[in-house]
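Trainee: Quick one: structure below, then a few questions.
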Amino acid sequence: MKIAVIGLGDIATKAYLPLLTRMSDLDLVLCTRNPETLAAVAHEYRIAATCRDYRDLVDMNVDGVMIHTSSETHATIATFFIEQGIPVFVDKPAALKFADYKKLHDLAEEKAVPLFVGFNRRYIPIWRSLVARDDLSSISWHKHRLNLVGAAQDFVLDDMIHVIDSLNLHGQIDQQEMQISVQRQGGDIAMVNLNWEENGTLFNGQMNRLFGKTCESVSLCFENEAYQFDSFLRGEKFENGKTERIEMADWTDTLETKGFKAMLKDWVGVVASGQMDEKVKQRNLSTHAFCEKLVGEIVTP
């Protein structure tokens with residue numbers, strides 16, 4: 001299977017190429033406009049096939065493309081390949097406006113081409129099975145940063161989208177029933193807190209960009225059973241008055257603990273089958289739609 005990687009910035013070189021180059025059934029093609037970067041990355045990973053214009057990839061007979069360029073270019077590049085009938089993996093957000101994402105979704109449906117959005121937190125192994133349980137009574141997801149206030153669109157679409165999608169378990173967030181709290185610093189957003197109820201489960205999401213450190217924590221509650229995770233590596237289980245420590249196995253690769261390994265395995269399977277789960281498509285739509293609504297809610301004091 002031949003997969004093209006478009007855009008060779010930090011996310012591609014730190015999160016994707018280290019894993020993709022270990023997958024023996026893949027032939028990789030690298031694509032970026034910068035000739036120095038292209039030569040350096042191709043040399044580092046010993047990849048011979050390269051190009052500088054993503055449109056040339058069609059003639060290179062790729063089976064799928066992965067788009068890791070700047071967010072504002074995602075929709076344009078993804079549209080080009082979907083129109084060619086080539087499966088697309090695109091980093092979040094797949095588009096900066098929901099209308100543009102809906103066009104991508106509709107085009108992918110029309111052409112029967114997979115449109116895969118890279119939400120790695122859906123695949124984090126230490127808690128993946130827990131968030132899938134039907135008896136979940138509450139879930140709280142907090143992702144914080146140090147001294148990084150920002151504009152509403154950047155705050156939500158570049159960062160808090162991870163929290164929103166991670167809580168969007170069923171792809172049906174209803175903003176009408178949601179409580180939204182915002183803290184500002186001047187004209188920038190410092191903190192957003194979300195609370196809502198869905199089918200008997202309580203949801204809480206928060207991003208505070210004036211926190212004391214950069215960190216992420218997840219809490220899950222069931223009947224007389226609870227879990228708290230302070231990283232992707234370890235956590236605690238509370239049941240019957242006892243505390244049990246939960247940890248990933250020693251030497252587990254960081255990219256595996258962060259869900260990238262399982263996500264790439266899923267993506268390769270999607271390319272091979274040409275099919276995507278309908279629930280995943282709906283979740284992608286719902287997450288992008290809600291993010292745009294949230295930006296509208298918090299952009300004006």
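The values are calculated or read from the model by the stated rules, or taken from the named source; none is laboratory data. Owing to the predicted nature of the structure, the values given are computational and were not obtained by experimental measurement. Neighbour counts are summed over all protein chains in view; Cβ atoms, including those assigned to glycine, are modelled from backbone coordinates with ideal geometry.
Trainee: Among the residues of the stretch 118-155 satisfying the criterion of being among the basic types (Lys, Arg) and crowded, with 17+ Cβ neighbours inside 10 Å, which is farthest from the chain's Cα centre (by Cα)?
Mentor: First, the residues of the stretch 118-155 that are among the basic types (Lys, Arg): 121-122, 128, 133, 143, 145.
Those still in the list that are crowded, with 17+ Cβ neighbours inside 10 Å too: 121-122, 143, 145.
Details: Arg121: 6, Arg122: 8, Lys143: 14, Arg145: 17 Å.
That would be Arg145.
Trainee: Would a scan of the stretch 208-225 turn up a residue that is surrounded by 13 or more Cβ atoms within 10 Å (Cβ to Cβ), under 23 Å from Asp91 (Cα atoms), of a type in the set (Val, Ile, Thr) and in contact with a strand residue (DSSP E or B) (Cβ under 8 Å, 6 or more places away or on another chain)?
Mentor: yes
Trainee: In the stretch 205-230, how many are out of contact with any helix residue (DSSP H, G or I) (no Cβ under 8 Å at 6 or more places or on another chain), under 24 Å from Gly150 (Cβ atoms) and among the polar types (S, T, N, Q)?
Mentor: Here the count works out to 3.
Trainee: Can you report the number of residues in the stretch 135-153 which are of a type in the set (A, V, I, L, M), over 22 Å from Ala226 (Cα atoms) and outside any loop (DSSP other than H, G, I, E, B)?
Mentor: Final tally of qualifying residues: 1.
Trainee: Check every one of the helices (runs of 4 or more DSSP H) wholly within the stretch 1-96 and list those with 3 or more residues that are at pLDDT below 95. Spell out how you get there, then give the answer.
Mentor: On the way: elements: 17-20, 35-45, 74-83.
Answer list for the stretch 1-96: none.
Trainee: Under the condition of being farther than 17 Å from Ala152 by Cα and assigned to a loop (DSSP other than H, G, I, E, B), which residue from the stretch 171-198 is nearest to the chain's Cα centre (by Cα)?
Mentor: Gly171
Trainee: Of the residues Asp91, Asp154, which single one is in contact with a strand residue (DSSP E or B) (Cβ under 9 Å, 6 or more places away or on another chain) and within 25 Å of Met1 (Cβ to Cβ)?
Mentor: Working: Asp154 fails: within 25 Å of Met1 (Cβ to Cβ).
Answer to the check: Asp91.
Trainee: Give all pairs with beta carbons closer than 7 Å in which a residue from the stretch 44-73 that is assigned by TED's automatic domain parsing to the domain that holds Asp100 and at positive phi meets a residue that is assigned to a helix (DSSP H, G or I) and modelled with pLDDT under 95; count only pairs at least 6 apart in sequence or on separate chains.
Mentor: Qualifying pairs under 7 Å: none.
Trainee: Continuing with the same structure: Is it fair to say Ile164 is assigned by TED's automatic domain parsing to the domain that holds Leu220 and either among the charged types (D, E, K, R) or modelled with pLDDT under 95 (or both)?
Mentor: Working: assigned by TED's automatic domain parsing to the domain that holds Leu220: yes; either among the charged types (D, E, K, R) or modelled with pLDDT under 95 (or both): no.
It is false that Ile164 is assigned by TED's automatic domain parsing to the domain that holds Leu220 and either among the charged types (D, E, K, R) or modelled with pLDDT under 95 (or both).
Trainee: Can I ask one more? Regarding the stretch 242-264, can at least one residue be identified that is of a type in the set (A, V, I, L, M, F, W, C), surrounded by fewer than 16 Cβ atoms within 10 Å (Cβ to Cβ) and free of Cβ contacts under 8 Å to residues at least 40 places away in the same chain? Talk me through it step by step, then tell me what you get.
Mentor: Just the residues of the stretch 242-264 that are of a type in the set (A, V, I, L, M, F, W, C), to begin with: 246, 248-249, 251, 255, 260, 262-264.
From what's left, surrounded by fewer than 16 Cβ atoms within 10 Å (Cβ to Cβ): 246, 249, 251.
Right, trim to free of Cβ contacts under 8 Å to residues at least 40 places away in the same chain and you get 249, 251.
Looking for residues that are of a type in the set (A, V, I, L, M, F, W, C), surrounded by fewer than 16 Cβ atoms within 10 Å (Cβ to Cβ) and free of Cβ contacts under 8 Å to residues at least 40 places away in the same chain, one finds at least one in the stretch 242-264, hence yes.
Trainee: Out of everything in the stretch 74-90 that is touching a residue at least 24 places away in the same chain (Cβ under 8 Å) and surrounded by fewer than 22 Cβ atoms within 10 Å (Cβ to Cβ), what residue ends up being nearest to the chain's Cα centre (by Cα)?
Mentor: Ala75
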